[in-house]
Amino acid sequence: MSKFFATRAGTWTGFAAAALVLFGAAPLLLSGFRLGLLAQFLCYAIVAVGIGLAWGRGGMLTLGQGVFFGMGAYLMAMHMKMADAEFRNGAGSVPDFMELAGIRELPAYWAPFASPVFTIAAILIVPTAFAVLLGFAVFKRRVKGAYFAILSQALAGAFAILLIGQQSMGGFNGLSRFRYFFGYNLDDPINQQMLYFIAAGVLLVVVAVALQLRRSRYGELLVAVRDAEERVRFLGYDAANIKVVAYAAAALFAAIAGAIFVPVVGIISPASIGIVPSIMFILGVAIGGRASLIGPVVGALAVAWAQTALSEQFPSAWTYAQGLLFIVVIALLPGGIASVAAATKRFRKEPVIAEAAA
Amino acid sequence: AVTALALTAGCGSRAGEETEAAKSCVDTSGDTIKVGALNSLSGTMSISETTVRDAIYLAVEEINAAGGVQGKQIEIVAEDGASEPTVFAEKAEKLIREDCVAAVFGGWTSASRKAMLPVFEDNDSLLYYPVQYEGLEASENIFYTGATTNQQIIPALDYLAETGVKSLYLVGSDYVFPRTANAIINAYAADKGIEILGEDYAQLGSVEFSTIVNQVSASGADAVFNTLNGDSNVAFFREYANVGLTAEEMPVMSVSIAEEEVGGIGVENIEGQLAAWNYYQTVESPENTTFVEAFKAEYGAERVTSDPMEAAYNSVYLWAATAEKAASFAVEDIQASADGVSFASPEGTVVIDGDNHHVTKTARIGEISADGLLYTVWESEGAIEPDPFLEGYDWAADLQVTE
Amino acid sequence: MDLLVGQLFTGLSTGSILLLAALGLSLTFGQMGVINMAHGEFIMAGCYTAYVTQQVVGDAGVSLLIALPVGFLVGGLMGLVLEWLLIRHLYHRPLDTLLVTFGVGLVLQQVARDVFGAPAVNVTVPEFLRGGVDLLGTAVPKTRLFILALAIVAVTVVTLVLRFTPAGRRIRAVVGNRDLAETAGISSRAVDAGTFFIGSGLAGVAGVALTLIGSTSPTTGQSYLVDAFLVVVAGGMGRIKGAVVAAVALGTFQAVFETYSTASLAKVGVFVVIVVFLQLRPQGLFTLRTRSLA
Amino acid sequence: MLRLRNLTCGYGRSAVVHGIDLEVGTDEVVAVMGHNGAGKTTLLRAVVGLIPVMSGTIELDGEQINRNPTNKRVKAGMAYVPQGQQCFAHLTAGENLRLVADGRKNGKALIDAQLDLFPALQTLLGRQAGLLSGGQRQQLAIARALITEPRLLILDEPTEGIQPNVVAEIESTIVDLSSRGGLSVLLVEQHLGFALQAASRYSVLRSGRVASSGGTGAGAAVRVREAMAI
Amino acid sequence: MNTTALTCTGIEVDFDGFKAVNGVDLELDRGEVHFLIGPNGAGKTTLVDAITGLARYSGSVVKDGTELRGKKVHHIARKGIGRTFQTATVFENLTVAQNLDIAAGSGRSPWALLRRRRHLPDTVVTVMEQIGLKDQAETPAGILAHGQKQWLEIGMLLVGDADVLLLDEPIAGMGAEERETTGRLLHDIAHDRAVAVVEHDMDFMRAFASRVTVLHAGAVLASGSVDEVSNHPRVQEVYLGTTHQEQEQERADAATA
Ligand SMILES: Nc1ncnc2c1ncn2[C@@H]1O[C@H](COP(=O)(O)OP(=O)(O)OP(=O)(O)O)[C@@H](O)[C@H]1O
Ligand SMILES: Nc1ncnc2c1ncn2[C@@H]1O[C@H](COP(=O)(O)OP(=O)(O)OP(=O)(O)O)[C@@H](O)[C@H]1O
Ligand SMILES: NC(N)=O
Ligand SMILES: [Mg+2]
Ligand SMILES: [Mg+2]
């Protein structure tokens, strides 16, 4: 089974099946509201693919993906607020929330976001560039393991605090009340469905990119760096560069997810990008299986679905359930759901190797 | 993916075109009518919001016991906002589109309200929001049953000015309500010749107040205006007491500390300090006696009632009364009939203003006493008309926005 | 000028609070490599211990003195259970401990909510710690002096134990190489459990002390956690000396920065400073070098 | 003293050592030899309890100790010098020694005895063990084992990485100690000369099974070479 | 092809005042297997650390005209200097083949890296045969035995372009035959490379050394052919032990008899 999916034909079959479910079955079977929810979950899944790459393959436990998710989301939100203001009061006018905050002049750094092209470029470039810079700063100095985890977590905390203090970025409330997405009315159900299709399409592309990265020589190198970073240097590679690539890719994925999240959900605020949400991104990946390709996707979808379903039925029990999920899955099933599938498939001689920096 | 995108993009409506608002699915055929209760039952805000939920349930039970609304029993669909704006938005949409509720009661933080607002507008449904807030908002789809700024902050300032306060230090949590409140205070102070000696914000949940209290102390202000929320108040007042500042020397006027919070701060740290609200458990009126008794009977004698709880309780009655008057549960009928609907509430009679969807409220300054309750030391003459955009105050001209 | 003197003391005081919260972590995280996200909840347990003790004993002064050792026990026992149930299976997967204990933290918070209710409860400050003393013209709260003293005592004891006693040697040996320690006749199970007990117990003590200045609610511990981790990281894993210097430096930086800016920006500033600092000293202030390639 | 019966052990689910029988008598030195990967280290790790026994038994003084934790076995008189110059890197060399001397009445004297044997360590006591050279660490490891005054000393290639003149010292010490009585030795050693000189019996492992065993008397070297050659 | 590949002059390594290496001059020539011996703690590993960029030093290391001092570890490696470690380090979760493939590819373009590996490079296959791990090509390196890992490590240097190999105790833990094999392997690869070996095994040294340098207390004590060095009185005193050879010989004889 898993052998089959490793072949070229198998890969295509897998993608075709996924496309059939996402583009065919889901829209037919789900109500508009549920489809919207699924679109939101797909955004989390896109983030998860990146974390799987950086953490599962590269050993970098990035507890701060909220930062990149948030960057993508806020950049998109800025454009949508600008478009909204322009539609209501003409070009160059101040978005509604700024008026409330007593800001009467459009801040200079907002102006370019009136342009859709600029916005999309910014979403693709700014978070990635930030990840590259931060990655170089950190990895060149060989900050890794727990240090990196704690640092990235503090980064998420600091970023959220910084945003809360910026009234011109919506402060604690964040940005919400969007009406148009690149000129399309957001309250039109057809356009909402279009957003879902975009999310699904992007997920497939992101998975394909991650697949290629994993199967390439780079993918092997990344594992080598995870297991024995110093050794890689003695072979003539700059380990920091190798890590930065995976980290930046994860950042880019998160940013794209954030950018789609905003029109889908209709709000982005610091509460969605701080320390706790960032750890929640990790939960899905851990549950699905950090080291596998599809595991993080499945895990992220499962956790998001469980959160919604359980909290509908047992509001406060969800906290317990969530806590227990972390405990049980990680303690008993470090390979996540993916490892159960593999283990039950066939009995095979498992090499037991002290897991390096998994 | 690309083809799918092209396909759907072809048919979606563009900016400026009218879109068909989603049809309401509220079912009025049976002998029950569904409403939503959307409060944070988990996360940091659950502290406060569970009390609001209790008040909503109490009101619903009372109304049901008295025969319901238009002869229909109210059925609550409860959801957890989980202290997260995005979850509030998601759950609001679920209540409207999947559960088909006639109205939703809940929300606390302004962030949650801002997150829900577009959902209620896009789906043309109703939210009853029960907490005092920063004003400058009036949505067709929201009824605001807590105080707006001219019913809480401005009376508090008037009271301080009356008692001879000439300088103020502003301390608040870093989010929209304190920031807006302080903008108003600054404008007010500029007009009335009160000096603002400092303005500090702490992160929500912050417990390190040494620096801020040192600065407050060094400023020598006549009083402190406190818009801190939640746990931060505990740390703030302890530090305040510990450096030797007292209510006599430098009183603190708080607008987010109600009966619930006093226990956690410790009465010994806060006795004699002031608060501004529309309702205290100690308000003397027959309606309040009934309310407090009913509440304690339902939830236990040790529980206290507070302003947001009372506003939430009122909101259910106001909705029911409006529906009766409109003889309909349809959103447009409720909106059309709301003006002038009143309720003899624990704080005094409240009346809905059909223009801005706020209610009239009596402002009260309370003093915290040794028993942990707040007692009214000053109250406005009658209920104050809501003025969310402060149109009636010349000094606030710069703050005004056009909705 | 008065303000600046006051701020320097504030920095010291903030530092001592950070240190108290971080001291246990420098054992469990710094020494053992366990990223215990439930450490904050152990602090919270210490807070509630102080609360319960006060409910039982009544007198605030006596109950504080009782609560300190009891808090140590409560935190320690919780740590012991956690170690026994979960952590001991995860010593070779340090990053996983982070996620597991995060889950434990979530559960403990909810338990606290269900047992004590969500609103904050009040722990009365004893009479002899109320008010302040005058120090170079600024009022310094006695509670903060008490915490400063407590932090100094705790750090001294922990340092002496680690450095000079057989138990300390054993802790460091097991932390360095479990299998090898076993072959040296040391029960690594006992040492692991013991170290975790002490580290978590210190969290309990911190919790009791923090009721003097902050709130006691289910989320109390969280507010200290990230800062405490940063202290350990910046100080250099497992270096108590480093944690002390880092805590005081961060506390002072925060206090002074906050005077000229805002509390929020000060927090962001702390993070920036640490990233820049790690550029200069990637392993923290004080490091233990080895020649291995790990 | 030590008896292994039909011992099978390995890592995870896969066995590396298959059904080995081996005995170390009181005051006897037994050498285990074999190619790289034959399972020598694995065998020793099972004996000291660092990996679990899959089947078969380990007996110490006639008592089955299959499930005893390592530190219990050490307290019962085993000492183990693992392969690869292992030490407590974050402790000083002196602390490495004191760690095992702690709680022994004559701890100080025991340490001094080792410093006589390894004079090079004398000046290194204050240095962090992780910074020592490979050979210095190996000397430290052997000293650490000897301080516990073991009855059964288990050595995994003890002379690897040590300078020739010190190797000679170690060899004669081991021969000395065992001939003086009170010490049995289970020795894994690649240097045939030393192994056969020190031991009274040998076993050769091949792919986790005993390929040849016997006394180290005349002709043993030939038999060992033969057993290893295939 | 006896050209000088690497020249070290006046190397000094200072650890907080302790001079682990104290003014060492060393030349490594292509075509020779150069043994570095000396007492434990003499500074051999530290010298290798210095050359490969792991320890800070003063003095100069020049390879083919380029000064290496101050360069980063991976830059030095790319200049063709490969090393192994006293305790073998390989990528435990990757197979033998993957280990070698990575080692072969430090010069690959980013583009090549991002593509999938279709088949193993020829060098990898050859080397796998050379180091006797052909059958284990798909075995994760983590479960190789100690000695096998060491061969793999040497193999990883061979597939790379390194022409100066610094091997720190490459035969530690190997049996007689494996030493023999390794020794011949070293001789083969030294044909067009400079190979420096740190070892304490004197038989091995005698069998395979072209030249020997003895370090003692951070400085060069003697240098020359095997015989010259073995008969150096100071070397015997601090390192070999005067009677060592005889002892060893006696024992072997006794056992064979
Ligand atoms: N941690 C491990 N997990 C799985 N298998 C292992 C592990 N360590 C060793 N092995 C396997 O066990 C076999 C025996 O290894 P062992 O280390 O016991 O050999 P050895 O005889 O000591 O060799 P050497 O002389 O190289 O030290 C090896 O071939 C290896 O495949
Ligand atoms: N980072 C360091 N700090 C302090 N001393 C060090 C450090 N690294 C090495 N040393 C010391 O430097 C000396 C030289 O060590 P080195 O490892 O180079 O010896 P070596 O010749 O390789 O010995 P061996 O044959 O035992 O491997 C030793 O005394 C060692 O303790
Ligand atoms: N509306 C408030 N208090 O957030
Ligand atoms: Mg071995
Ligand atoms: Mg060495």
Next on the checklist: If I filter the stretch C:276-285 for residues that are at pLDDT 80 or above and under 19 Å from residue C:19 (Cβ atoms), do I get at least one hit?
Outcome noted: yes
Checklist entry - Out of all the residues in the stretch B:334-383, which are in a strand (DSSP E or B) and closer than 26 Å to residue B:103 by Cα? => result B:342, B:343, B:344, B:345, B:348, B:349, B:350, B:351, B:352, B:358, B:359, B:361
Checklist entry - Is it true that some residue in the stretch B:295-302 is touching a residue at least 40 places away in the same chain (Cβ under 8 Å) and of a type in the set (Gly, Ala, Ser)? => result no
Checklist entry - Mind checking whether some residue in the stretch B:349-371 is over 27 Å from residue B:68 (Cβ atoms), modelled with pLDDT under 95 and either in contact with a Phe, Trp or Tyr (Cβ under 6 Å, 6 or more places away or on another chain) or among the β-branched types (Val, Ile, Thr) (or both)? => result no
Checklist outcome for this item: Residue set D:195, D:141, D:221; condition at pLDDT 90 or above, open to solvent by less than 30 Å² (accessible area, probe 1.4 Å) and either within 16 Å of ligand 2 (Cβ to nearest atom) or part of a helix (DSSP H, G or I) (or both); output residue D:141
Item to check | Residue check for residue E:5: open to solvent by less than 10 Å² (accessible area, probe 1.4 Å) and in contact with a strand residue (DSSP E or B) (Cβ under 6 Å, 6 or more places away or on another chain) | outcome: yes
Checklist outcome for this item: Among D:94, D:34, the single one that is of a type in the set (Gly, Ala, Ser), within 11 Å of another protein chain (Cβ to nearest Cβ), over 20 Å from residue D:205 (Cβ atoms) and more than 16 Å from ligand 3 (Cβ to nearest atom) is D:94
Checklist entry - With respect to residue C:101, is the statement that it is in contact with a Ser or Thr (Cβ under 7 Å, 6 or more places away or on another chain) and in contact (Cβ under 8 Å) with a residue 12 or more places away in the chain true? => result no
Item to check | Flag for residue E:207 being modelled with pLDDT of 90 or more, among the aliphatic types (A, V, I, L, M) and farther than 21 Å from residue E:8 by Cβ | outcome: yes
Checklist entry - For residue D:169, are the conditions met, namely being modelled with pLDDT under 90, assigned to a loop (DSSP other than H, G, I, E, B) and acidic (Asp, Glu)? => result no
Checklist entry - How many of the residues making up the stretch E:200-217 are among the basic types (Lys, Arg) and either within 12 Å of chain D (Cβ to nearest Cβ) or part of a helix (DSSP H, G or I) (or both)? => result 1
Checklist outcome for this item: The helices (runs of 4 or more DSSP H) lying entirely within the stretch C:92-188 that contain at least 2 residues which are open to solvent by less than 30 Å² (accessible area, probe 1.4 Å), in contact with a helix residue (DSSP H, G or I) (Cβ under 6 Å, 6 or more places away or on another chain) and closer than 23 Å to residue C:39 by Cα are C:94-116, C:142-164, C:166-176
Item to check | Looking only at the stretch E:94-147, and only at residues there that are among the polar types (S, T, N, Q) and within 14 Å of chain D (Cβ to nearest Cβ), the one that is surrounded by the most Cβ atoms within 10 Å (Cβ to Cβ) | outcome: E:136
Checklist outcome for this item: Checking A:198, A:260 in turn, the sole residue that is at pLDDT 95 or above, facing another protein chain (nearest Cβ under 7 Å) and part of a helix (DSSP H, G or I) turns out to be A:198
Checklist outcome for this item: The residue that is nearest to the other protein chains (Cβ to nearest Cβ), considering only those in the stretch E:23-39 that are open to solvent by less than 10 Å² (accessible area, probe 1.4 Å), more than 8 Å from ligand 2 (Cβ to nearest atom) and not aliphatic (A, V, I, L, M), is E:35
Checklist entry - Pick from E:197, E:220, E:238: which is within 16 Å of ligand 2 (Cβ to nearest atom) and at the interface with chain D (Cβ under 10 Å from one of its Cβ atoms)? => result E:238
Item to check | Among the candidates A:24, A:10, residue that is free of Cβ contacts under 8 Å to residues at least 60 places away in the same chain and open to solvent by less than 10 Å² (accessible area, probe 1.4 Å) | outcome: A:10
Checklist outcome for this item: Filter the stretch B:166-179 for residues that are open to solvent by 20 Å² or more (accessible area, probe 1.4 Å) and assigned to a helix (DSSP H, G or I); the one that is farthest from residue A:160 (Cα to Cα) is B:179
Checklist entry - Which members of the stretch B:196-254 meet the condition of being assigned to a helix (DSSP H, G or I) and among the aromatic types (Phe, Trp, Tyr)? => result B:236, B:237, B:240
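Residue-by-condition table, conditions (1) more than 14 Å from chain D (Cβ to nearest Cβ); (2) within 16 Å of ligand 3 (Cβ to nearest atom); (3) surrounded by fewer than 21 Cβ atoms within 10 Å (Cβ to Cβ); (4) outside any loop (DSSP other than H, G, I, E, B):
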{"site": "E:21", "(1), (2), (3), (4)": "no, no, no, yes"}
{"site": "E:41", "(1), (2), (3), (4)": "no, no, no, no"}
{"site": "E:56", "(1), (2), (3), (4)": "yes, no, yes, no"}
{"site": "E:70", "(1), (2), (3), (4)": "yes, no, yes, no"}
{"site": "E:74", "(1), (2), (3), (4)": "yes, no, yes, yes"}
Checklist entry - Scanning for something among the hydrophobic types (A, V, I, L, M, F, W, C), surrounded by 24 or more Cβ atoms within 10 Å (Cβ to Cβ), part of a helix (DSSP H, G or I) and out of contact with any Cys (no Cβ under 8 Å at 6 or more places or on another chain), does the stretch C:253-261 turn up at least one residue? => result yes
Item to check | Failed item in (1) surrounded by 24 or more Cβ atoms within 10 Å (Cβ to Cβ); (2) touching a residue at least 40 places away in the same chain (Cβ under 8 Å), with residue A:103 passing the rest | outcome: (1)
Checklist entry - Do the conditions hold for residue E:180, that is, is it within 16 Å of ligand 1 (Cβ to nearest atom), more than 21 Å from residue A:235 (Cβ to Cβ) and open to solvent by 10 Å² or more (accessible area, probe 1.4 Å)? => result yes
Item to check | The listed residue being out of contact with any Asp or Glu (no Cβ under 9 Å at 6 or more places or on another chain) and either assigned to a loop (DSSP other than H, G, I, E, B) or buried (at least 24 other Cβ atoms within 10 Å of the Cβ) (or both), out of D:17, D:32 | outcome: D:17
Checklist entry - residue B:236 passes all but one of (1) open to solvent by 10 Å² or more (accessible area, probe 1.4 Å); (2) touching a residue at least 40 places away in the same chain (Cβ under 8 Å); (3) at negative phi; which number fails? => result (1)
Checklist entry - Considering C:228, C:193, which residue is within 21 Å of residue A:276 (Cα to Cα) and modelled with pLDDT of 90 or more? => result C:228
Next on the checklist: Among the residues of the stretch E:148-194, what is the count of those that are out of contact with any Phe, Trp or Tyr (no Cβ under 8 Å at 6 or more places or on another chain) and either within 16 Å of ligand 4 (Cβ to nearest atom) or facing chain D (nearest Cβ under 9 Å) (or both)?
Outcome noted: 14
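The values are calculated or read from the model by the stated rules, or taken from the named source; none is laboratory data. Please read all numbers here as calculations on a predicted model, not as lab measurements. For neighbour counting, all protein chains shown are included, and Cβ atoms are generated from backbone atoms with ideal geometry for every residue, glycine included. Note: areas computed on protein heavy atoms with side chains; ligands, DNA, RNA excluded. Shrake-Rupley method; radii C 1.70, N 1.55, O 1.52, S 1.80 Å.
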